[in-house]
Each structure stands twice: as C-alpha cells, then as structure tokens.
Amino acid sequence: DGGITQSPKYLFRKEGQNVTLSCEQNLNHDAMYWYRQDPGQGLRLIYYSQIVNDFQKGDIAEGYSVSREKKESFPLTVTSAQKNPTAFYLCASSTGTGGWSNQPQHFGDGTRLSIL
Amino acid sequence: GQQVMQIPQYQHVQEGEDFTTYCNSSTTLSNIQWYKQRPGGHPVFLIQLVKSGEVKKQKRLTFQFGEAKKNSSLHITATQTTDVGTYFCAGFGYKLSFGAGTTVTVRA
C-alpha cells in the first residue's frame with residue numbers, strides 16, 4: 001500500500017540536542033516537503049525538495065536542516081538553534097518536477113515534538 | 001508575497017445546518033486545493049479547482065473557484081458529526097500557500 005511514513009510519532013528533545021525526524025515515501029514522488037503546524041497557524045513550510053540531492057529553504061528554515069540522498073527519504077533535523085521546536089511536524093510529497101509542483105500533496109501522520 | 005487568508009477561523013455548527021468557509025488570495029492563483037484534517041490526524045486532499053468560476057461537488061460539499069481566481073469557498077450542507085475537523089485551502093500562484101484553516105465543531 002503506497003504512502004508516507006513518518007517516525008517517530010512522538011519525540012522529546014532535551015536542551016542543546018539535535019533530533020532527526022524520519023520521512024519515507026513509496027509513492028515514487030519526486031517532490032517532498034516539511035511543514036510545521038502550530039495551533040491556529042495552519043501549515044508553514046520549512047524545506048522542500050523537488051528532486052534528489054536538491055532542496056530549498058521554505059518560509060521558516062532557520063534552526064532546521066534536511067538532506068535528500070534518496071528519492072524515498074527526506075529526513076528533517078531540528079537543531080539546537082531552533083529555540084521553540086515544540087510543534088506538530090508534517091512531511092508531504094507530490095508528483096511534479098522542474099519547478100514548484102502544483103499537484104496535490106500527500107501527507108504522513110506527523111511527528112509531535114516536545115521540549116523536555 | 002503570496003498570501004492566502006481563510007475565514008472564519010472557527011465555525012460552530014448545529015448538526016443539520018449549513019455553513020461556508022472562505023479563502024482569499026492576495027494574488028491570482030493557477031489552482032486552489034482543499035484539504036481536511038480530522039482531530040489528531042493529518043491533512044487529506046479533498047479536491048482541486050483550476051478553472052475560473054469552477055464549481056465541483058462531493059456529496060454534501062460544494063467547492064467554488066472565483067471568477068478572478070483569487071478566492072474560493074467551501075459550502076457544506078446538512079452538517080454531520082463526521083464533518084468535524086479543520087478545512088484548509090491551499091492556493092498555487094508561484095508556490096503552494098496554505099491558509100490557516102477553519103476548524104469546525106458540530107453540536108448534536
């Protein structure tokens with residue numbers, strides 16, 4: 001069954017610690033995205049990748065980093081520089097290459113990150 | 001830059017009543033998408049509108065794209081408890097921008 005798998009479902013971060021959120025898709029989609037969701041603020045784009053080995057910053061990239069070494073995988077690292085990391089993180093993917101995709105996005109179940 | 005605004009932020013509806021949520025863009029859009037997120041879940045794609053003035057229906061949900069392609073609406077008739085959740089619009093201009101969503105609660 002095709003889809004997007006995010007892990008872990010819940011994650012706790014200590015002060016000064018970097019944590020990595022996993023996102024894997026088997027939809028054969030070229031484009032992948034990371035969003036942050038806070039109550040009442042909708043979805044804010046952190047990073048996106050249109051193709052393997054390429055990614056661009058979104059609206060709130062500071063304190064985050066990504067890699068896209070494989071088409072199926074787009075992990076997000078929340079670094080210690082991100083001072084307010086508590087949020088719901090959603091990974092998504094879509095078809096389309098050669099520019100920002102206007103195709104519908106498929107989302108994973110998300111990871112809830114909290115500060116200890 | 002491209003901004004998508006959605007109103008109202010919250011909608012409390014009596015079961016069986018109708019309601020509408022509205023989406024407005026600061027720029028002309030090439031398409032608009034609607035998503036639904038159930039409480040504790042993730043956004044799920046509902047529909048995409050592309051043409052000026054386009055109207056699409058999914059059972060009790062009616063989606064409309066404005067003539068100027070800068071606004072859209074979602075109208076739900078005879079609201080049911082299964083309609084609970086947050087409805088997001090996402091407009092594509094030069095990128096896909098999500099509105100803040102309308103969170104719907106239903107009184108039985």
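Every number here is computed from the coordinates shown, using simple stated rules; none is lab data. Treat the numbers as computed from the prediction; the structure is a model and nothing was measured. A quick note on method: Cβ atoms are made from the backbone with ideal geometry, for glycine too, and the neighbour counts reach across all protein chains shown.
Shape verdict for chain A, please, from the Cα gyration tensor: rounded (a/c under 1.5), prolate (a/b greater than b/c) or oblate.
Details: a/c = 1.70, a/b = 1.60, b/c = 1.06.
Judged from the Cα gyration tensor, chain A comes out prolate (a/c at least 1.5, a/b above b/c).
Dipole check for chain B: with +1 at the C-beta of Lys and Arg, -1 at the C-beta of Asp and Glu, and the Cα centre as origin, the magnitude is about 280 Debye. When the trypsin sites (Lys or Arg not before Pro) in the range A:47-103 are filtered for DSSP coil states and for at most 14 other beta-carbon atoms within 10 Å of their beta-carbon, the remaining sites are A:Lys83.
Taking a Cβ cut-off of under 11 Å around B:Val84, the surrounding Lys, Arg, Asp and Glu residues balance to a net charge of +1, with basic ones at +1 and acidic ones at -1. Whole-Hz Karplus values for the range A:8-13 come out as x, 6, 10, 9, 10, 10 Hz, taken residue by residue from phi with 6.51 cos²θ - 1.76 cosθ + 1.60 and θ = phi - 60°; glycine and proline positions read x. A simple rule links phi to the HN-Hα coupling: the Karplus curve 6.51 cos²θ - 1.76 cosθ + 1.60 with θ = phi - 60°, which for the range A:60-69 gives 9, 7, 4, x, 10, 9, 9, 9, 9, 7 Hz, with x for Gly and Pro. Considering only alpha-carbon pairs that sit under 8 angstrom and 6 or more positions apart, the relative contact order computed for chain B is 38 percent.
Label the protein assembly as shown by shape, choosing from rounded, prolate and oblate, from the square roots a ≥ b ≥ c of the eigenvalues of the Cα gyration tensor; if a/c is under 1.5 it is rounded, and otherwise prolate applies when a/b is larger than b/c, oblate when it is not. Note, shape of the protein assembly as shown comes out prolate. Once Lys and Arg get +1 and Asp and Glu get -1 on their Cβ, which of A:Gly58, A:Thr77, A:Gly16 lies farthest toward the positive end of the dipole of the range A:10-91? Farthest towards the positive end: A:Gly16. Rounded to the nearest 0.05, the FRET efficiency derived from the C-beta distance between B:Ala78 and B:Ile7 at R0 = 22 Å is 0.50.
Name the most mobile residue of B:Gly40, B:Gly66, B:Gly53, meaning the one with the largest mean-square fluctuation, in a Gaussian network model of chain B with Cα contacts below 10 Å. Among B:Gly40, B:Gly66, B:Gly53, the largest GNM mean-square fluctuation belongs to B:Gly40.
With only Lys, Arg, Asp and Glu charged, each at its Cβ (+1 for the first two, -1 for the last two), find how big the charge dipole of the protein assembly as shown is about the Cα centre; round to the nearest 20 debye. List each step's numbers first, then the result.
Working: 22 positive and 17 negative charges, 21 e Å.
Here the protein assembly as shown has a charge dipole of around 100 debye.
With a ≥ b ≥ c taken as the square roots of the eigenvalues of the C-alpha gyration tensor of the range A:1-51, please select rounded if a/c is under 1.5 and otherwise prolate if a/b is larger than b/c or oblate if it is not? It is prolate, given that a/c is not under 1.5 and a/b is the larger ratio. For the range B:81-87, putting each phi into the Karplus relation 6.51 cos²θ - 1.76 cosθ + 1.60 with θ = phi - 60° gives couplings of 5, 6, 7, 4, x, 10, 9 Hz, in residue order, rounded to whole numbers and with x for Gly and Pro. Take each residue in A:101-110, count the other chain C-beta atoms within 10 Å of its C-beta, and the mean is 6. Note on the range B:1-103: dipole from Cβ charges, positive end direction compared against B:Phe92, B:Thr62, B:Val44; the farthest Cα belongs to B:Phe92. Projected label points at A:Asn53 and B:Val44, each 7 Å from Cα along the beta carbon direction, are separated by 3.9 nanometres. Taking a cut-off of 21 Å, what percent of all Cα-Cα pairs in chain B are separated by more than that? Here the long-distance tail beyond 21 Å is 29 percent of all Cα pairs in chain B. The GluC sites (Glu not before Pro) of the range A:60-116 that meet both conditions, a loop assignment by DSSP and at most 15 other Cβ atoms within 10 Å of the site Cβ, are A:Glu62, A:Glu69. What pairs in B:Lys36/B:Lys57; A:Lys9/A:Lys83; B:Lys36/B:Lys59; A:Lys57/B:Lys57; A:Lys9/B:Lys36; A:Lys9/A:Lys57 have C-alpha atoms more than 26 Å from each other? In this structure, A:Lys57/B:Lys57 lie more than 26 Å apart at Cα.
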